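So the structure is just underneath, and the comments pick up after that.
The values are calculated or read from the model by the stated rules, or taken from the named source; none is laboratory data. Since we're looking at a predicted model, the values are computed, not measured. Cβ placement follows ideal geometry from the backbone for every residue including glycine, while neighbour counts extend to all protein chains displayed.
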């Protein structure tokens with residue numbers, strides 16, 4: 001996982017699943033590129049393509065560091081769920097998980113708490 005940590009990438013998603021309260025509330029095929037780079041302790045994301053769910057296209061998440069839990073056993077995690085469970089923008093991701101199988105990237109949003117999983121493959125890792 002360390003080869004992906006704080007490394008720019010392009011991920012091509014071909015399927016998505018959205019969950020809220022443990023239920024799948026949406027799923028389907030799509031064509032979305034997730035483009036990421038890390039600058040100044042912030043993981044910046046840009047999503048290109050038709051998005052059938054409510055998620056921002058451009059956003060950033062804090063990078064806390066390897067010693068502060070950014071690399072877990074099966075994933076990289078940027079951002080954290082805040083202590084305050086209300087969030088002003090329900091389309092603004094607060095967490096990104098990049099899984100070690102390299103086929104799934106998950107974003108979590110608040111108010112209401114929900115996740116969107118993008119399934120696909122990496123097209124580019126590094127610059």
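Specify which of the listed residues (28, 65, 60) is without any contact (Cβ under 8 Å) to a residue 60 or more places away in the chain and under 23 Å from residue 88 (Cβ atoms).
60
Test of understanding: among 39, 1, which residue is surrounded by 14 or more Cβ atoms within 10 Å (Cβ to Cβ) and farther than 18 Å from residue 92 by Cα?
Values: 39 fails: surrounded by 14 or more Cβ atoms within 10 Å (Cβ to Cβ).
It is 1.
Taking the options 91, 86, name whichever one is within 22 Å of residue 27 (Cβ to Cβ), assigned to a loop (DSSP other than H, G, I, E, B) and modelled with pLDDT under 95. Break it down stepwise before answering.
Values: 86 fails: within 22 Å of residue 27 (Cβ to Cβ).
On inspection, the qualifying residue turns out to be 91.
Please specify each residue of region 7-36 satisfying the condition of being buried (at least 18 other Cβ atoms within 10 Å of the Cβ) and within 20 Å of residue 70 (Cβ to Cβ). Outline the logic, then answer.
Step one: filter region 7-36 for residues buried (at least 18 other Cβ atoms within 10 Å of the Cβ), giving 9, 11, 13, 16, 18, 32, 34, 36.
Matches in region 7-36: 9, 11, 34, 36.
Of the residues 114, 75, 80, 68, which single one is within 21 Å of residue 3 (Cβ to Cβ) and surrounded by 15 or more Cβ atoms within 10 Å (Cβ to Cβ)? Even if it seems obvious, please write down each step before you answer.
Working: 114 fails: within 21 Å of residue 3 (Cβ to Cβ); 80 fails: within 21 Å of residue 3 (Cβ to Cβ); 68 fails: surrounded by 15 or more Cβ atoms within 10 Å (Cβ to Cβ).
Checking each option against the conditions leaves just 75.
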